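Engineer: Below is the structure I would like to discuss, written out as structure tokens.
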Amino acid sequence: MCGGECIQVEENKCKILEEACPVCFTRAKLCPGDAVKVINLPEELSTDMTHRYSLNGFRLFRLPTPRQDSVIGILGPNGIGKSTAINLLSGSIMPNLGDWIDPPTDWENIIETFPRGELRDYLTLVSEGEISIAVKPQYIDKLPKLWSGKVSGLLTRVNDMGELDKYAKLTGIEHLLERELKDLSGGELQRVAICATILKDAEVYFFDEPSSYLDIYERMRMVSIIQDLASKGKRVLVVEHDLAILDVLCDMLHIIYGDRGAYGIFTPSRTTRGAINAYLDGFLHEENVRIRDKPIKFLRGRTRGEEIGQPIIKWGDMEKTLGDFKLITGKGEVKSAEVVGVVGPNATGKTTMAKLIAGELEPDSGWCTTNAKISYKPQHVNTEFEGSVQNWMDTEIGMKWRSGEFNTQVIRPLKIDKMLELQAKKLSGGELQAVSIAICLGKEADLYLFDEPSAHLDANARMETAKAIRRIMESNEKAAFVIDHDIYFIDIVSDSLLVFDGEGGKIGNALGPLSLRKGMNKFLANVDITFRRDHDSHRPRINKPGSRKDREQKVEGEYFYVE
């Protein structure tokens with residue numbers, strides 16, 4: 001050996017130190033029968049640095065590759081370089097190749113550092129100014145601050161294609177054109193942002209989180225719109241955290257991994273199915289890098305609810321009219337240790353139902369009985385708290401967030417321990433969402449209401465949030481309502497489903513809670529979408545409409561839970 005203590009032998013066991021020298025690592029990997037496997041943890045690369053902001057600033061390695069006639073997806077956590085990559089690929093920032101002191105100013109020298117191929121050809125077009133780019137921003141709730149006026153005014157300003165009426169109808173916003181932008185809901189703002197992006201006459205389109213606030217109907221419509229752009233010869237890049245939508249939308253995927261705020265590394269593109277499965281498993285085989293301690297697992301053919309307890313809340317035949325909208329419910333109840341997923345189209349009364357249960361609204365008729373104490377996280381979260389996240393948490397839930405159990409179950413999985421010194425008013429959308437969820441869970445209550453908790457969270461944070469909600473409800477024998485549009489999130493978090501249907505903005509009907517299988521079949525039958533299970537990860541995957549699998553499942557009435 002090398003003379004050090006890289007490999008220690010005790011009787012019939014060997015211990016290989018993580019700081020072992022390269023020679024001993026190589027020898028260890030030669031053990032017979034593959035007895036030793038060496039897996040790398042994420043670390044910065046020694047080559048392929050594309051951009052660096054300062055001495056100790058964020059570093060980005062490699063770039064995703066826009067391809068003609070293709071939708072290319074980007075999958076990874078927030079805060080590790082997706083927006084930087086968009087700025088570099090759009091030409092807003094010139095890559096400095098890691099030299100922030102004396103950055104290169106000649107595009108030709110920059111491009112020569114990239115290997116020959118599609119990315120190099122693309123950057124050549126950018127450098128020559130021969131490519132036009134349209135970007136849909138991530139935080140669409142900031143649009144009213146950038147444009148004051150009617151929707152039609154904003155869209156007319158960007159209407160390079162001269163087809164405003166066509167695309168307004170395609171995105172389902174023709175009835176919004178004379179509305180003030182500031183009066184729109186999150187889903188309406190998202191559709192306006194998508195319409196504004198596709199109205200621009202560009203060769204490359206970037207869509208940053210296009211599904212946020214959209215229901216499953218609108219998400220599938222968005223998929224069709226974006227794929228149509230690619231079919232016209234456009235290059236399309238999409239950053240998306242809804243894995244079911246990412247799966248059906250994209251031709252290829254780049255995974256990005258690294259350390260939030262420090263560095264990010266793009267992997268080469270791979271098939272969409274393979275990339276998502278690798279991301280969920282947490283191990284990138286080609287790079288031999290483990291990016292997560294534990295895999296995210298989807299259970300198959302499960303039955304939940306056996307351990308739920310006594311009813312916490314009951315309701316019956318409630319009706320509520322708000323302006324032109326009317327909500328009608330049947331009879332239902334929620335029991336302790338039960339998580340009820342709430343699904344359905346936008347504007348059919350899900351949030352209204354939550355407010356009725358929370359006591360913020362009174363039903364016009366029918367009844368709702370509960371002596372339960374309720375903790376409520378609203379759909380749109382914001383804070384005017386002056387101070388750090390740590391002070392905000394102390395103010396809202398006292399010392400509870402510091403306790404060992406809550407810290408293990410919620411604070412660390414949601415990475416709030418990394419945000420404690422940040423100012424509450426300066427949090428990003430995803431950070432603010434995570435802290436709001438933790439505050440809601442940290443309050444003493446019998447029933448917890450979450451309205452769209454997955455919004456602005458990255459894919460990993462969504463799964464961790466779902467598991468955190470389940471852990472708290474099961475260990476403390478509490479109950480939760482979770483309103484969300486992410487099928488993966490609902491699949492992981494729910495014991496049962498409350499299903500809404502009706503006509504958006506006019507009438508909504510609430511049915512359930514139903515068993516998870518029955519409820520999902522009811523919901524997806526309304527949407528006319530079927531899901532199958534991936535045979536490796538067991539994750540839900542959307543079937544191509546009209547495919548053999550799609551037709552078979554519809555005949556069987558199995559829209560979701562298929563082995």
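The values are calculated or read from the model by the stated rules, or taken from the named source; none is laboratory data. No experiment lies behind these values; they were computed from the predicted model shown. Neighbour counts are summed over all protein chains in view; Cβ atoms, including those assigned to glycine, are modelled from backbone coordinates with ideal geometry. When the accessible area is computed, the model is the full protein with side chains, heavy atoms only, and any ligands, DNA or RNA have been set aside. Shrake-Rupley method; radii C 1.70, N 1.55, O 1.52, S 1.80 Å.
Engineer: Just checking, which of LEU177, LEU164 is among the hydrophobic types (A, V, I, L, M, F, W, C), over 22 Å from the mean Cα position of the chain (by Cα) and under 25 Å from HIS380 (Cα atoms)?
Structural biologist: From the options LEU177, LEU164, the qualifying one is LEU177.
Engineer: Give me a count of the residues in region 220-267 that are open to solvent by 10 Å² or more (accessible area, probe 1.4 Å), in contact (Cβ under 8 Å) with a residue 40 or more places away in the chain and either charged (D, E, K, R) or in a loop (DSSP other than H, G, I, E, B) (or both).
Structural biologist: Qualifying residue count for the region: 11.
Engineer: Kindly indicate which of LEU214, LEU181, LEU189, LEU199 is closer than 29 Å to LEU123 by Cα and touching a residue at least 12 places away in the same chain (Cβ under 8 Å).
Structural biologist: LEU199
Engineer: Continuing with the same structure: Going through region 477-492 one residue at a time, which ones are assigned to a helix (DSSP H, G or I) and either more than 27 Å from ILE291 (Cα to Cα) or of a type outside the set (Asp, Glu) (or both)?
Structural biologist: Matches in region 477-492: ILE487, TYR488, PHE489, ILE490, ILE492.
Engineer: From (1) in contact with a strand residue (DSSP E or B) (Cβ under 9 Å, 6 or more places away or on another chain); (2) open to solvent by less than 50 Å² (accessible area, probe 1.4 Å); (3) assigned to a helix (DSSP H, G or I), pick out the condition that doesn't hold for GLU474.
Structural biologist: Here GLU474 clears every test but (2).
Engineer: Also, I was wondering about something else. Please specify each residue of region 280-295 satisfying the condition of being within 15 Å of PRO77 (Cβ to Cβ) and not β-branched (Val, Ile, Thr).
Structural biologist: Across region 280-295, the qualifying residues are LEU280, GLY282, LEU284, ARG290, ARG292, ASP293.
Engineer: Residues being touching an Asp or Glu at 6+ places or on another chain (Cβ under 9 Å) and closer than 12 Å to ALA196 by Cα: count how many of those fall in region 132-150.
Structural biologist: Looking only at that region, the number is 5.
Engineer: For VAL435, which of the numbered conditions (1) assigned to a helix (DSSP H, G or I); (2) within 23 Å of LEU327 (Cα to Cα); (3) touching a helix residue (DSSP H, G or I) at 6+ places or on another chain (Cβ under 7 Å) fails to hold?
Structural biologist: Failing condition for VAL435: (2).
Engineer: Looking only at region 233-244, count how many residues are β-branched (Val, Ile, Thr) and over 10 Å from the mean Cα position of the chain (by Cα).
Structural biologist: Residues meeting the conditions: 2.
Engineer: When only residues in region 521-537 that are farther than 22 Å from THR348 by Cα and basic (Lys, Arg) count, which is surrounded by the most Cβ atoms within 10 Å (Cβ to Cβ)?
Structural biologist: So the residue we want is ARG532.
Engineer: Return the total of residues in region 172-182 being touching an Asp or Glu at 6+ places or on another chain (Cβ under 8 Å) and open to solvent by less than 30 Å² (accessible area, probe 1.4 Å).
Structural biologist: Residues that pass the stated criteria total 3.
Engineer: Here's something else I'd like to know. I'd like the full set of residues that are closer than 15 Å to LEU237 by Cα and assigned to a strand (DSSP E or B), limited to region 46-68.
Structural biologist: The one that is closer than 15 Å to LEU237 by Cα and assigned to a strand (DSSP E or B): GLN68.
Engineer: Would you please name the residue that is farthest from THR352 (Cα to Cα), looking only at residues in region 498-520 that are surrounded by 22 or more Cβ atoms within 10 Å (Cβ to Cβ) and in contact with a Phe, Trp or Tyr (Cβ under 7 Å, 6 or more places away or on another chain)?
Structural biologist: MET520
Engineer: Would region 277-284 turn up any residue that is touching a Gly at 6+ places or on another chain (Cβ under 9 Å) and more than 25 Å from LEU449 (Cβ to Cβ)?
Structural biologist: Yes, some residue in region 277-284 is touching a Gly at 6+ places or on another chain (Cβ under 9 Å) and more than 25 Å from LEU449 (Cβ to Cβ).
Engineer: If you scan region 406-428, which residues turn out to be assigned to a helix (DSSP H, G or I) and either within 22 Å of PRO295 (Cα to Cα) or open to solvent by less than 30 Å² (accessible area, probe 1.4 Å) (or both)?
Structural biologist: Within region 406-428, PHE406, ASN407, THR408, GLN409, VAL410, ILE411, ILE416, ASP417, LYS418, ALA424 qualify.
Engineer: So which of LYS297, LYS326, LYS314, LYS355 is in a loop (DSSP other than H, G, I, E, B), basic (Lys, Arg) and either out of contact with any Gly (no Cβ under 9 Å at 6 or more places or on another chain) or more than 30 Å from LEU119 (Cβ to Cβ) (or both)?
Structural biologist: LYS297
Engineer: If you go through region 544-559 one residue at a time, do you hit one that is touching a helix residue (DSSP H, G or I) at 6+ places or on another chain (Cβ under 7 Å), open to solvent by 10 Å² or more (accessible area, probe 1.4 Å), assigned to a strand (DSSP E or B) and not small (Gly, Ala, Ser)?
Structural biologist: no
Engineer: Also: Report every pair of residues separated by at least 6 positions or lying on different chains whose Cβ atoms are under 6 Å apart, first residue within region 52-63 and more than 12 Å from GLY258 (Cα to Cα) and modelled with pLDDT of 90 or more, second assigned to a loop (DSSP other than H, G, I, E, B) and not acidic (Asp, Glu).
Structural biologist: Correct list of pairs: ARG52/GLY98; ARG52/TRP100.
Engineer: Could you check, for region 159-171, whether at least one of its residues is of a type in the set (Ser, Thr, Tyr) and open to solvent by 50 Å² or more (accessible area, probe 1.4 Å)?
Structural biologist: no
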